[in-house]
Each structure stands twice: as C-alpha cells, then as structure tokens.
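The values are calculated or read from the model by the stated rules, or taken from the named source; none is laboratory data. Predicted model only: the values in this text are computed from it and were never measured. Because the Cβ atoms are built from the backbone with ideal geometry, glycine has one as well, and the counts that use them run over all protein chains shown.
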Amino acid sequence: MSNMTRNRLLDGAFRAVGLLATMLGLLLLAVFLLDILRTGLGRLNWQFLSALPSRFPERAGIYTALLGTVWIMVLTALIAVPVGLAAGVYLEEYGRKSRWSALLEINITNLAGVPSVIYGLLGLNIFVRFLRMGSSVLAASCTLALLILPILIVATREAIRAVPKTLREASFALGATRWQTIWYQVLPASMGGILTGIILALSRAVGETAPLLVLGVLAYVPFAPKSPLDEFSALPVQIFNWISRPQQAFSFNAAAAIIVLLLITFGLNGLAIFLRNRWRRHLP
Amino acid sequence: MKQRERLIEALLALSAGISVLTTGGIIVMLAVEAAHFFRQVPLGTFLTDTQWTPLFADKHFGILPLVAGTLLTTGVAIAVALPLGLIIAIYLNEYATVGFRNVIKPLLEVLAAVPTVVYGFFALTVVTPFLQRLIPSMAGFNALSAGSVMGIMILPLVSSLSEDALTAVPRALREASYALGATRLQTAMRVVVPAASSGITVSVILAISRAVGETMIVAIAAGQEPRLTANPLVPVETITTYIVQVSSGDVAYGTLEYDTIFAAGITLFILTLVLNNVGYWFRQKFREQYE
C-alpha cells in the first residue's frame, strides 16, 4: 500500500471516529434522559406534585421542595441581579486600566473557579451562624447569589462590550453624562445579552445541591416557606435524599423529581437561547 | 448633577467590591476555622498520615486518602473527557460542515446544563450496573463509574475550549500544509493541534479544576470510604464528599471532628486556586500571536 493511500485511509477513519465521538456524547445524553423518563414518568402525577414529604415513598411528594426551589430562585435573583449588573457596568464603563480593576479582574476569574462546596462553607459561617439566619431561604439565597455573581458579572460585561462605541459617543455629544449614557443607551442596547446571562445564572443556581447540603438544608420539611427566614427544602436536596435511600421505590421518586428539575433547568436554558436569538436579530 | 454622578459611581464600585469581599471572606473564614484544627493536629501529620478516620474511635487525620480519592475520580474523568473532547473539537473544527456544527454545539452544551445531582443518579443507576456487567468484581460505589460520568459532564468544557484554541490557528497554516499534499488528518495532527497546544492545555487544566471541585456525582456514586488507593473499582471518598457528608450529618459544631471540614475545605480551595491560576497564567503567557 502506498503512503498516499494509507494516509487517505487514515483520514477517512478519523472522519468516522470523529463523527462517532461527537454522537457518543449526544447518545449518552439521550440514553440518560430516556432512562430518567422511563423510571420516573409513572410516578409523576398531581398527587406527587402536591403531596408533602413522607417516609412512605408512594405517599411522598415534592410540594414543599418545589416551592422552596421557587423561593430561592426568586430571592437569589433579587439579591444577585442588581449587584452583578452594577459590578459589570462598573468594570466595563468606569474602572478601566487602573490597578484596582486589574485586581477585580483576577479576582472574578478566580471566584468563578471556586468549587460550590466552598461557597457552602462560606454561607454556613457567615449567613447561617454569624448572621444567625439559620438554614433559611434567605441564607441559601445569599449563598447562591454569591455563587452566581461571577457568572452575572462576566455576562453583563460581555453584553455591554458588544454595544458599539458610536452609540456612547452620540450620547456624549448630546451632552448626556456618563450615567445618563449608560442608563438610557448602553443598558437598553445590551439588555438581550444581560437577560440571557441572568437566566443562565439562575438555571445554575436552581440545580446547585452541594452548597445547600453544607448549609444544612433538610429534605424533610413538612411545610412550605412563608417568609425568607423560614426553613425550607429544595428539589435537588430532596432528589439527593431519595437517591441515597436503599429502597427501590424511592429511586422512582428521585427520577420523577429529576424530571421536574430538568423541566425547570432546560426551560430556563431554552428561554435564554430564545432571547439571545431574538435580540440578535433586533440589533443593527 | 456632578454629585449624583459621583454617588452612582461609588455605588457601582461598591458592588464590584462585593466580589473582593467574597474572596476575602472565603480566605479568612477557611484560615480561621482551619487554624482551630491545626492547633490540635500538626500540619505534618495532616499531610503525611495515610489514614483519615476523624469520626471513628481511633482517630487519624491524614488528608492523603481524600486527596487520592479526588485525584482518582478526576483522573478517570480526564481520561474520558480529554480524548473524546479533543477528537470532537478536531472533528467539528476541521471536518464538519458549518451547518452540522451549528446544530451539534448547542446540543453538546446541554450536557453542561444538567444539574450534577442528576448526573449522580445516572452514574449510580445506569453506569454502575452497566460497568458491573463488564467487570463483575467492581463494587457498587467506585471511582470508575463516578469519574466516567464526571468526564461526560466536563466534556463540553474541554471540547469548546479546545475548539476555540483550534479556531484561533490562522487559515494560512492549514493551507500551507494542504499545499504540501497533507491530508486533513495530517494537517490537524501535525500543524493545527501543535499550534493550538497551549490553548488545549488551558482547557485541560480548567477541566481538572472543575473535576476536583465537583461534589454531587462523587458523593452519590463514588462512595464515602476514605481510602489511599489507585484502584478505580473500590469505594473511595473525595474531599468534596467528605465536606458534604460531615456538614449535613449530625457532628456537633465547634468540635475537632467538625473542624476537619475546614481543613479539608482549605486543601480543596488551595488545589483549585493553584490550578485556576496556572491555567490563567498559561493563557496570558502562551497566547499564540500570529500576525
């Protein structure tokens, strides 16, 4: 066999291997989703969504965990979004090229790489113990807010950076101040990217389990939270609890709860992609 | 007007400062709490004792078994994610059509959007039984299953960062190679991948850091038995698992047993901090410059 034929053969072989590898990832995703559906769908009904937790698997439901997840999602957004946006705007529009901003830059890159359990330890010490919030909705939301802050800041900065310089200059030329330019021109023009970032960050927060476990969030909470200072449970914590039990019946519950959790995270991700595409078309 | 502008700028700077406070908070918190621990357990013992049994009657405080568990699951994850991710990146970048790529990339990103507790369920209920059929001697909790699933989780990270590195290689280099009669594969392996090697290295370093810090998959599927071993078929325990196990258990706050989680936490923090900064430094230093 000549060198050339051999090389051509190898090239063709790699093309097949590459396609296979790419498909393998998607295939595993499919196997996995189908398995979850097969295991959990039978358990998923209105009773499951509206029942309180129970030690009998067939009576247990995710009512309190689901409401807890909604609570932390809203509260985390309320805490993290204003701070993340403000920090992103500051870094992109004000604090350029100073030593302080170089420090902020390295700091945020590092924060984004800190494992989520470490945020759990931070929240445990600061919010749960020092500020005496207990394992409450508020403590968990503050912790998750810190966790998603780097994601929000990076997304805000990228969205703002995409706004053309001419827009700012036109605004300045009309006598607008820096803040007026940001508030009336830059932010509206970058809203699509910012919203996408917010939603992706929230979808990350919704699925986080480890920090909640470290904070002491329980699986068995027989009431829905009424205020931010109430104890609560959350879907991922409930799922983890069910997975850890030996009885087969609980694994059906876990799969059913996973379907609900995946609907939320995939729903949020889908929304983010939809918004991104929509806004992209609107920009000149 | 001017005062209002200044006030706004100050408020924005304050918000940015929260991120610095967070870092400061993490470092101070870990240092203070770990100091309690190291007053009772010498650092030398912590780093060299080969047993970790703080919750047993015969207490040993050697971090090595937890580090070994972490490195073992991470090693398996990288062994899965690196070849697969690199092949995918090369295929998508050098072989696939633009249309195919635009469909596949977002689908692969879905892998990164799945919550890790869900991957844990997958590892325990699907992958472990499947692997046990191939390797009957494998335990129900093991590093192989947890690590492989973790590899699937970090696959999009490796493939998309590597692809960015491949895309950055200028077209002229490829064309020069084609002009010499090289096939796509020869061009990819001998020209494009070497030219993008630093970017690929960065993607691997960041993937390692992610795997080291990952908690739920290993907590669910790798077991909770600290063990100094390189055998991926037996139960192990990672640093992250230990932290979750103790903090969500019923160990009393303020005891030496409880303080172990901060000693474990500071070890984990230093590990990921070093990895992230090596990655960051590598990216700054070896960023390929083509005119």
For the subset of segment B:60-70 comprising residues that are more than 12 Å from chain A (Cβ to nearest Cβ) and touching a helix residue (DSSP H, G or I) at 6+ places or on another chain (Cβ under 8 Å), which member is surrounded by the most Cβ atoms within 10 Å (Cβ to Cβ)?
B:GLY69
Suppose we filter A:ARG178, A:ARG245 for residues that are more than 19 Å from A:ILE79 (Cβ to Cβ) and either modelled with pLDDT of 95 or more or within 11 Å of chain B (Cβ to nearest Cβ) (or both); which single one remains?
A:ARG178
Within segment A:1-53, can you find the residues that are more than 14 Å from chain B (Cβ to nearest Cβ) and exposed (fewer than 15 other Cβ atoms within 10 Å of the Cβ)?
A:MET1, A:LEU41, A:GLY42, A:ASN45, A:TRP46, A:GLN47, A:LEU49, A:SER50
Before we move on, is A:LEU75 without any contact (Cβ under 8 Å) to a residue 40 or more places away in the chain and closer than 21 Å to A:GLU208 by Cβ?
no
Residue pairs qualifying under the 7 Å Cβ cut-off, at least six apart or on distinct chains, with the first in segment B:249-275 being more than 11 Å from every other protein chain (Cβ to nearest Cβ) and in contact (Cβ under 8 Å) with a residue 12 or more places away in the chain and the second being part of a helix (DSSP H, G or I) and among the charged types (D, E, K, R), are B:VAL251/B:GLU257; B:ASP259/B:GLU33
Could you check how many residues of segment B:243-270 are part of a loop (DSSP other than H, G, I, E, B) and of a type outside the set (S, T, N, Q)?
6
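Table: residues versus (1) of a type outside the set (Ser, Thr, Tyr); (2) closer than 18 Å to A:LEU200 by Cα; (3) outside the structural domain of A:PHE127 (by TED's automatic domain parsing); (4) at pLDDT 90 or above.
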site	(1), (2), (3), (4)
A:THR22	no, no, yes, yes
A:GLY25	yes, no, yes, no
A:PHE56	yes, no, no, no
A:ARG59	yes, no, no, no
A:VAL74	yes, yes, no, yes
A:ALA77	yes, yes, no, yes
A:PRO82	yes, yes, no, yes
A:GLY88	yes, yes, no, yes
Looking at this structure, is B:GLY147 in the same structural domain as B:ALA79 (by TED's automatic domain parsing), within 24 Å of the chain's Cα centre (by Cα) and crowded, with 18+ Cβ neighbours inside 10 Å?
yes
Taking segment B:20-58 only, how many residues are in contact (Cβ under 8 Å) with a residue 60 or more places away in the chain, over 30 Å from A:ARG99 (Cα atoms) and not aromatic (Phe, Trp, Tyr)?
10
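Which fully enclosed helices (runs of 4 or more DSSP H) of segment A:90-197 have 1 or more residues being closer than 30 Å to A:VAL221 by Cα and of a type in the set (A, V, I, L, M)?
On the way: elements: A:99-112, A:116-123, A:137-161, A:165-173, A:178-181.
Qualifying helices (runs of 4 or more DSSP H): A:116-123, A:137-161.
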Just a yes or no: is a residue in segment A:58-77 closer than 25 Å to A:GLU231 by Cα, over 28 Å from the mean Cα position of the chain (by Cα) and not in a helix (DSSP H, G or I)?
yes
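Every residue in segment B:1-50 that is hydroxyl-bearing (Ser, Thr, Tyr), closer than 23 Å to A:LEU122 by Cβ and under 26 Å from the mean Cα position of the chain (by Cα), please. Steps first, please.
Filtering segment B:1-50 down to residues hydroxyl-bearing (Ser, Thr, Tyr) leaves B:15, B:19, B:22-23, B:45, B:48, B:50.
Still in the running and closer than 23 Å to A:LEU122 by Cβ: B:15, B:19, B:22-23.
B:SER19, B:THR22, B:THR23 - these are the residues of segment B:1-50 that are hydroxyl-bearing (Ser, Thr, Tyr), closer than 23 Å to A:LEU122 by Cβ and under 26 Å from the mean Cα position of the chain (by Cα).
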